[in-house]
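Engineer: If you scroll down you'll find the structure; I have some questions about it.
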Amino acid sequence: MALDIHKELDDISRRLLELTDIDDTQEDALHHRLSTISAQLRAQKTCRAAIEELKQTRPVRRMTFNLKKLLDGSEASEARWSKLQTLEFNSLIFCLLSFSTLMTVPGDQFDWLLQNVTKYLEMQGFSLNLTESTAMKRTIDKIPRQENSHAFLKRYLKRELDMAVKSDNGGEDEPPQKRCRVECRLKVQVTHI
């Protein structure tokens with residue numbers, strides 16, 4: 001597949017040489033698109049290496065460092081942190097573990113990451129549950145309880161609770177209806193006594 005893409009890029013390069021009547025707007029649009037693809041390749045290279053590493057180990061030091069920098073209260077860190085909070089939770093954890101410092105990832109790669117990391121992980125078939133390790137839980141437990149970390153911690157705790165409920169129900173997301181009805185009747189009987 002990479003060879004096919006390489007050939008297509010060679011064709012595009014040749015076709016670009018043939019352009020004679022291109023205006024600045026079209027040229028800027030082409031440049032932007034090519035820059036976006038370049039940023040995608042750099043971001044995917046990091047993601048690909050991270051997936052291989054995460055299959056073997058959990059580099060929680062990166063996560064600790066990223067959280068420390070992202071939660072330092074500066075304007076730049078607040079901006080990046082709020083954008084990262086929009087990601088699906090496993091994608092957010094993946095980003096915290098994958099990049100040595102999310103604060104210095106170039107803007108174009110960071111933007112690509114925000115828009116595509118969840119889809120990229122799905123397409124790569126990466127489904128490693130990143131929040132199950134003890135070291136990860138300890139790292140998250142050490143996050144300072146401050147205003148800019150509350151939303152993240154709530155999401156983490158909700159995920160933990162959902163996983164515990166799912167585990168208690170034999171892998172089902174919701175408890176069986178029959179059990180719910182029995183519990184509801186017991187609550188009603190207790191309140192009338």
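The values are calculated or read from the model by the stated rules, or taken from the named source; none is laboratory data. This structure is a prediction, so every number in the text was calculated from the model and none was measured. Methodologically, a virtual Cβ is constructed for each residue, glycine included, from the backbone with ideal geometry; neighbour enumeration extends over all protein chains shown.
Engineer: Take the conditions more than 30 Å from His150 (Cβ to Cβ), at pLDDT below 85 and among the hydrophobic types (A, V, I, L, M, F, W, C) and apply them to Leu19. Does it pass?
Structural biologist: Numbers: more than 30 Å from His150 (Cβ to Cβ): yes; at pLDDT below 85: yes; among the hydrophobic types (A, V, I, L, M, F, W, C): yes.
Yes.
Engineer: Tally the residues that are farther than 20 Å from Leu153 by Cα, part of a helix (DSSP H, G or I), touching a residue at least 12 places away in the same chain (Cβ under 8 Å) and among the polar types (S, T, N, Q), restricting the search to the stretch 85-116.
Structural biologist: Residues that pass the stated criteria total 2.
Engineer: If the Cβ limit is 8 Å and pairs must be 6+ apart or interchain, which residue in the stretch 17-35 that is assigned to a loop (DSSP other than H, G, I, E, B) pairs with which residue that is surrounded by 11 or more Cβ atoms within 10 Å (Cβ to Cβ)?
Structural biologist: Short answer, once both residue conditions are applied: Ile22/Leu30.
Engineer: Let me ask you something else. So in the stretch 57-78, with the set limited to residues that are assigned to a loop (DSSP other than H, G, I, E, B) and in contact with a Ser or Thr (Cβ under 9 Å, 6 or more places away or on another chain), which one is farthest from Met103 (Cα to Cα)? Spell out the reasoning first.
Structural biologist: Pass one, the stretch 57-78, residues assigned to a loop (DSSP other than H, G, I, E, B): 57-59, 71-74.
Filter again for in contact with a Ser or Thr (Cβ under 9 Å, 6 or more places away or on another chain), leaving 58-59, 71.
Working: Arg58: 20, Pro59: 17, Leu71: 11 Å.
Applying the filter and picking the extreme gives Arg58.
Engineer: Now a separate question. Can you confirm whether Thr64 is touching a residue at least 60 places away in the same chain (Cβ under 8 Å), out of contact with any His (no Cβ under 9 Å at 6 or more places or on another chain) and farther than 19 Å from Gly107 by Cα?
Structural biologist: Values: touching a residue at least 60 places away in the same chain (Cβ under 8 Å): yes; out of contact with any His (no Cβ under 9 Å at 6 or more places or on another chain): yes; farther than 19 Å from Gly107 by Cα: yes.
So Thr64 passes the test.
Engineer: Would you please name the residue that is farthest from the chain's Cα centre (by Cα), looking only at residues in the stretch 57-83 that are of a type in the set (A, V, I, L, M) and surrounded by fewer than 20 Cβ atoms within 10 Å (Cβ to Cβ)? Lay out the reasoning, then the answer.
Structural biologist: Filtering the stretch 57-83 down to residues of a type in the set (A, V, I, L, M) leaves 60, 63, 67, 70-71, 76, 79.
Then drop every residue that is not surrounded by fewer than 20 Cβ atoms within 10 Å (Cβ to Cβ), which leaves 60, 71, 76, 79.
Working: Val60: 15, Leu71: 17, Ala76: 19, Ala79: 16 Å.
In this case the residue turns out to be Ala76.
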